[in-house]
Amino acid sequence: MKILRFCIDSIFAGVMISIGAVIYLNCPNRMVGAFLFSIGLIVIMELEFNLYTGKAGFARNLKDLCRLFIIFITNSVGCSFILLLPTDNAINIWKNRLDYPLYTVFAKAVVCGILIYVCVHQHKFNTRDTSILTTLIAIPAFILCGAEHSVADVCFMFAARQITLKGIAFILIVAIGNAVGSLALSLWISKRNELHQNHKNRYS
């Protein structure tokens, strides 16, 4: 039952990202669409669903990595919800993404991982209002700077109806980059807090 609940929570996270992606694809104003895309992550955090990019920064061992893999697969299942919804511009957006060199894609994915971790960190350790405000700023920021979100890219691939080996390879690169960015910031914050505590204990 626990595993089933875990998987359903992950599927619903994918559904929420697909809803955000549909809003973005159908919005005539790119800035407004980027802002409204935030609804996906806000709902995911508020309802405690499992999103790959939100969990990646907290992975610390092999068991966590296995859980991340399951989350990514079940997020992708949830993303298929976008196939039921009308979308505009999906083909052009997806084709443009695939034209970027992979090192650029990886770098953009790292940026996204960092910003998503900031949102989740705020949600875990700060007030609800601060968390929502951070998300409303960070999500449009990563979209408007062209950063890549692996689960959202699954949605764009599905919406474009172009599931290819090149597209899957692209998404895997993005997923790795998301994890690298999120983990790098997470590990540094943990290390910095540890150093700060040791310094405090030494001179207290």
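What shape does segment 107-147 take by its C-alpha gyration tensor, where a ≥ b ≥ c are the square roots of the eigenvalues and a/c under 1.5 counts as rounded, a/b above b/c as prolate, and the rest as oblate? In terms of gyration-tensor shape, oblate. Calculated mean residue ellipticity, 222 nm, the chain: -26500 deg cm²/dmol, from DSSP H runs (n ≥ 4) at -39500 (n - 2.57) each, averaged per residue and rounded to 500. Exposed loop positions in the chain were taken to be trypsin sites (Lys or Arg not before Pro) whose DSSP state is not H, G, I, E or B and which have at most 14 other beta-carbon atoms within 10 angstrom. Between these positions, the longest stretch is 61-160.
Residues Y103, Y117, Y24, sorted by accessible area with the largest first, give Y103, Y24, Y117 [1.4 Å probe; ligands and nucleic acids excluded].
In terms of accessible area, using a 1.4 Å probe and ignoring ligands and nucleic acids, H149, H196, H123 rank largest first as H196, H123, H149.
Per the 1.4 Å probe, what fraction of the accessible area of the chain, in percent, lies on carbon and sulfur atoms?
Ligands and nucleic acids excluded, carbon and sulfur reach 67 percent.
Using a Gaussian network model of the chain in which every pair of alpha carbons under 10 angstrom is joined by a spring, one finds that among G14, G78, G167 the greatest mean-square fluctuation is at G167. For the chain, a Gaussian network of Cα nodes joined below 10 Å ranks S190, S38, S80 by mean-square fluctuation, and the top entry is S190.
Computed from backbone phi with θ = phi - 60° and the Karplus coefficients 6.51, -1.76 and 1.60, the 3J(HN,Hα) list for segment 59-73 is 6, 10, 8, 4, 4, 4, 5, 5, 5, 4, 4, 5, 4, 4, 5 Hz; x is used for glycine and proline. Centre-to-centre, using Cα atoms only, segment 1-73 and segment 91-113 are separated by 19 Å.
Taking the Cβ of F72 as the center, what net charge do the other residues with Cβ under 13 Å away carry, scoring Lys and Arg +1 and Asp and Glu -1? Spelling it out: positives minus negatives among the neighbours equals 0. The heavy atoms of L102 present about 100 square angstrom of accessible area, all protein chains included, probe 1.4 Å.
Summarising the label geometry, the points placed 7 Å from Cα in the beta-carbon direction at L172 and R30 lie 3.0 nm from one another.
Heavy-atom accessible area for D129, with the other protein chains in place and a 1.4 Å probe, reaches approximately 110 Å². Put C27, C112 in order of accessible area, highest first, and with a 1.4 Å probe you get C27, C112.
Here segment 1-144 is assigned +1 on the Cβ of each Lys and Arg and -1 on the Cβ of each Asp and Glu. Its dipole about the Cα centre then comes out at about 360 debye. When the chain is treated as a Gaussian network with alpha carbon springs shorter than 10 Å, the biggest mean-square fluctuation among F125, F158, F72 belongs to F125.
Let's test the formula: R0 of 30 Å, r as the Cβ-Cβ distance of L187 and I91. What FRET efficiency results, to the nearest 0.05? Once rounded, the FRET efficiency stands at 0.20.
Listed options for Rg/Rh (Cα atoms, Kirkwood Rh) are (1) 0.94; (2) 0.99; (3) 0.97. The value calculated from this structure is the one marked (2).
The values are calculated or read from the model by the stated rules, or taken from the named source; none is laboratory data. Note that this is a predicted model, so its numbers are computed, not measured. Virtual Cβ from ideal backbone geometry, glycine too; neighbours counted across all protein chains shown. The area values use the complete protein model at the heavy-atom level, side chains included, leaving out ligands, DNA and RNA. Shrake-Rupley method; radii C 1.70, N 1.55, O 1.52, S 1.80 Å.
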